[in-house]
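Single-structure report; data block below.
The values are calculated or read from the model by the stated rules, or taken from the named source; none is laboratory data. None of the values given here were measured: they were computed from a predicted structure. Note: ideal-geometry Cβ built from the backbone for every residue, glycine included; neighbour counts use all protein chains shown. Calculation scope for accessible area: heavy atoms of the full protein, side chains included, ligands and nucleic acids excluded. Shrake-Rupley method; radii C 1.70, N 1.55, O 1.52, S 1.80 Å.
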Amino acid sequence: MRTTRLKLGEMLKEAGLLTEEQIQAALKEQKRKKSPIGDIFVELGFISEKDIAETLAIQLEVPFVSGDQGLLKPRQDQDLGNVLPHDVARQYNVLPLSRDNNVLTVAITDPSDLMSIDNLRSVTNCEISPVIATKIDIKKAQDEFYGEQTLLRDAVEDTYKIENIETIDTESGPERTSLDESQAMAEAAPAVKIVDLILLEAIKSRASDIHIEPFEKHLSVRYRIDGELYEVAPPSQQLTSAIVSRFKIMSKMDIAEKRLPQDGAFSLKIGPKIVDFRVSTLPTIFGEKIVIRLLDKASIMFKLEDMGFGGKMLEYYRQAVNRPYGLIFITGPTGSGKSTTLYATLREIATPDKNVITIEDPVEYRLDGINQMQVKTNIGLTFASGVRTSLRQDPDIILVGEVRDLETAQSCVRAALTGHLVLSTLHTNDAASSIVRLKDFGIEPFLIGSSLILIEAQRLVRRLCQKCREPYQPSKEEKEKFNLADTIYKSKGCPECRKSGYKGRIGIYEVLFMTPAIKELVYTNATTVEIKKKAQEEGMASLLFDGISKVNSGLTSMEEVLAAAYE
């Protein structure tokens, strides 16, 4: 391949396919349209796309392939879809064809675009061997090769071609849109197609949440994957109202009401499984923002061991949850996996000979054999009243979604002291500070010591992608400070993990067992520092310690652990 790059117009002029007048006319049109010069040549009818490709092939000494020849078909046995992901192929208008050791053959429209070639080399970690094909042939071959992955982006592009859709000004327009008008927009084919594909792509990407956010000049769509938000190609801003209305119809919300926040839910059967979606709307100055939480029952079918819970911590935890009565707290910030731990615990201990009642806000997952109650504060059904009511239902185990106030805390303590096993959550930074939080609520120390049997604190950190993680040797200072192994791993990034270096998440934990010594500190109003120090003297591993053990095992990186835990 010749490395000297001529301008495309010069190549075509040299080949006798364009005149200088045609080139100048195309350049003038390009200034107006801001499109690639090759597209302008074709659009003005000066030359065909195939003529351009064949000329480039001769000038650059690169093979030309066409769809008609049957050569534009990627090898099916080389995992080329992961070597060159669809979003990258789409961005650079290329198609992977084959891989020979570290050389990747790709079809491209312009092999003289050295910047694109360099970027592809960086993304694939392969040397690039280009062949030339037309844009339309590459697009058709991409659709066949990448399959359903192309659907969402095609639908997104189609929304930018839609005309005659009125955009509602949220500042000056009516606060309530006509019900018929909203419903008609929501049931139009573009809105239905976009919503369906947004949901399908989110499920395939293992997203936990979808954020659809209107702004002044654009609509944003983001997926939360492994705790991080990733932006995807958004539909046209013209379809904002239609997409929002479509989600509200599916969630049984009032589609005409745009002034107030609303909550709803719906379910879809995707292949053999049913996925539940919890939907929340929020009025903003540019329209309604929607967040959709994906609730896949497969995500709560984990065993405690699968979540990174192990060793002595798991042994102490199982001892506690198999007691006939007492109070157990799972603590951590929002999004730290507390609900998943509680559900995994119920799966272990909720046997047919036990009556289990949960009080949740909201009920995210429906569990067979367990009586689940939804909090409804507008009619007086709170966590506290739910616990009091459940005590009249002869329960063995009560799960309370969250302790937020004194009344709920008192109800949990009373239930534990009257012969019931109570599981609940608190928002605290570590296990020891949960005791002080209960005191802040107004619970007397002697009641805490008498009812509480265990506190477990946790965080979620991202798992290193096992396909691309890179080993490295930490410095002497790092090894001494954190007790690190001689070789640990860091993130790199590959198509398998969307270039993030991580795939999935794992928990880090600390378990504070209420031993006689800890109870004595509670009775004497000891500080969080004193309680934590005594617990560690008795063998409690801190969040940081457990995180470092997972770093030494190659499961996560030091950066992830330090971002989630510290001492």
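So that you can scan it fast, the table gives a plain yes or no per residue for (1) in contact with a Cys (Cβ under 9 Å, 6 or more places away or on another chain); (2) in contact (Cβ under 8 Å) with a residue 60 or more places away in the chain; (3) assigned to a helix (DSSP H, G or I); (4) open to solvent by less than 70 Å² (accessible area, probe 1.4 Å):
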{"position": "L512", "(1), (2), (3), (4)": "no, yes, no, yes"}
{"position": "N525", "(1), (2), (3), (4)": "no, yes, no, no"}
{"position": "M540", "(1), (2), (3), (4)": "no, yes, no, yes"}
{"position": "F545", "(1), (2), (3), (4)": "no, no, yes, no"}
{"position": "S549", "(1), (2), (3), (4)": "no, no, yes, yes"}
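Which one of these does S553 not meet: (1) buried (at least 19 other Cβ atoms within 10 Å of the Cβ); (2) outside the structural domain of F446 (by the TED database); (3) under 21 Å from Y316 (Cβ atoms)?
With (1) buried (at least 19 other Cβ atoms within 10 Å of the Cβ); (2) outside the structural domain of F446 (by the TED database); (3) under 21 Å from Y316 (Cβ atoms) applied to S553, the lone miss is (1).
Looking at the stretch 272-292, is at least one residue closer than 28 Å to Q374 by Cβ and part of a helix (DSSP H, G or I)? If you could, list the steps in order and put the result at the bottom.
Step one: of the stretch 272-292, the residues closer than 28 Å to Q374 by Cβ are 272-284, 288-292.
Filter once more, so that each one left must be part of a helix (DSSP H, G or I): none.
No: the stretch 272-292 contains no residue that is closer than 28 Å to Q374 by Cβ and part of a helix (DSSP H, G or I).
Here is a list of conditions, (1) surrounded by fewer than 18 Cβ atoms within 10 Å (Cβ to Cβ); (2) in contact with a Ser or Thr (Cβ under 9 Å, 6 or more places away or on another chain), and I330 meets all of them except one; can you say which number that is?
Here I330 clears every test but (1).
(1) at pLDDT below 90; (2) under 27 Å from S433 (Cα atoms); (3) charged (D, E, K, R); (4) surrounded by 15 or more Cβ atoms within 10 Å (Cβ to Cβ): which one isn't true of D296, the others all being true?
Among (1) at pLDDT below 90; (2) under 27 Å from S433 (Cα atoms); (3) charged (D, E, K, R); (4) surrounded by 15 or more Cβ atoms within 10 Å (Cβ to Cβ), the lone unmet condition for D296 is (2).
Might you check whether a residue that is among the charged types (D, E, K, R), in contact (Cβ under 8 Å) with a residue 12 or more places away in the chain and touching a Phe, Trp or Tyr at 6+ places or on another chain (Cβ under 9 Å) occurs anywhere in the stretch 266-277?
yes
Which of the residues belonging to the stretch 118-133 are open to solvent by 10 Å² or more (accessible area, probe 1.4 Å) and within 18 Å of I52 (Cβ to Cβ)?
P130, V131
Look at Y316 and say whether it is surrounded by fewer than 20 Cβ atoms within 10 Å (Cβ to Cβ) and in a helix (DSSP H, G or I).
For Y316, the condition - surrounded by fewer than 20 Cβ atoms within 10 Å (Cβ to Cβ) and in a helix (DSSP H, G or I) - is met.
Out of (1) open to solvent by 30 Å² or more (accessible area, probe 1.4 Å); (2) not in a strand (DSSP E or B), what's the single condition that is false for Q372?
Against the list (1) open to solvent by 30 Å² or more (accessible area, probe 1.4 Å); (2) not in a strand (DSSP E or B), Q372 comes up short only on (2).
So, in the stretch 13-46, exactly how many residues are closer than 20 Å to I136 by Cα and acidic (D, E)?
Residues in the stretch 13-46 being closer than 20 Å to I136 by Cα and acidic (D, E): 2 in total.
Identify all residues within the stretch 469-499 that are touching a Gly at 6+ places or on another chain (Cβ under 6 Å) and closer than 19 Å to D79 by Cβ; write none if there are none. Write out each step before concluding.
Of the stretch 469-499, the ones touching a Gly at 6+ places or on another chain (Cβ under 6 Å) are 489, 491-493, 499.
Selection gives K492, G493, K499.
Considering only the stretch 405-420, state which residues are part of a loop (DSSP other than H, G, I, E, B) and buried (at least 18 other Cβ atoms within 10 Å of the Cβ).
H420 - this is the single residue of the stretch 405-420 that is part of a loop (DSSP other than H, G, I, E, B) and buried (at least 18 other Cβ atoms within 10 Å of the Cβ).
Exactly one condition in (1) assigned by the TED database to the domain that holds A202; (2) open to solvent by 60 Å² or more (accessible area, probe 1.4 Å) is not met by I255; state its number.
Only one criterion in (1) assigned by the TED database to the domain that holds A202; (2) open to solvent by 60 Å² or more (accessible area, probe 1.4 Å) is unmet by I255, namely (2).
Could you please find all residues in the stretch 502-533 being under 30 Å from R462 (Cα atoms), of a type outside the set (A, V, I, L, M) and touching an Asp or Glu at 6+ places or on another chain (Cβ under 9 Å)?
Y502, K503, G504, R505, G507, Y509, E510, F513, T528, K532
For the stretch 528-567, enumerate the residues that are under 13 Å from Y509 (Cβ atoms) and of a type in the set (D, E).
D546, the sole residue that qualifies.
Output yes when any residue across the stretch 90-99 is small (G, A, S), touching a helix residue (DSSP H, G or I) at 6+ places or on another chain (Cβ under 8 Å) and open to solvent by 20 Å² or more (accessible area, probe 1.4 Å), and no when none is.
Checked against the condition, which is being small (G, A, S), touching a helix residue (DSSP H, G or I) at 6+ places or on another chain (Cβ under 8 Å) and open to solvent by 20 Å² or more (accessible area, probe 1.4 Å), the stretch 90-99 yields at least one hit.
Output the number of the condition that E315 fails; it satisfies all remaining conditions of (1) touching a residue at least 60 places away in the same chain (Cβ under 8 Å); (2) out of contact with any Cys (no Cβ under 8 Å at 6 or more places or on another chain).
It is condition (1) that E315 fails.
So how many residues does the stretch 65-124 have that are of a type in the set (S, T, N, Q), assigned to a loop (DSSP other than H, G, I, E, B), modelled with pLDDT of 85 or more and over 30 Å from the mean Cα position of the chain (by Cα)?
Adding up the residues that qualify gives 2.
Examine the stretch 323-340 for a residue that is free of Cβ contacts under 8 Å to residues at least 60 places away in the same chain, β-branched (V, I, T) and outside any strand (DSSP E or B), and state whether such a residue exists.
Yes.
Looking only at residues in the stretch 342-358 that are of a type in the set (S, T, Y) and within 12 Å of G401 (Cα to Cα), which one is farthest from the chain's Cα centre (by Cα)?
T358
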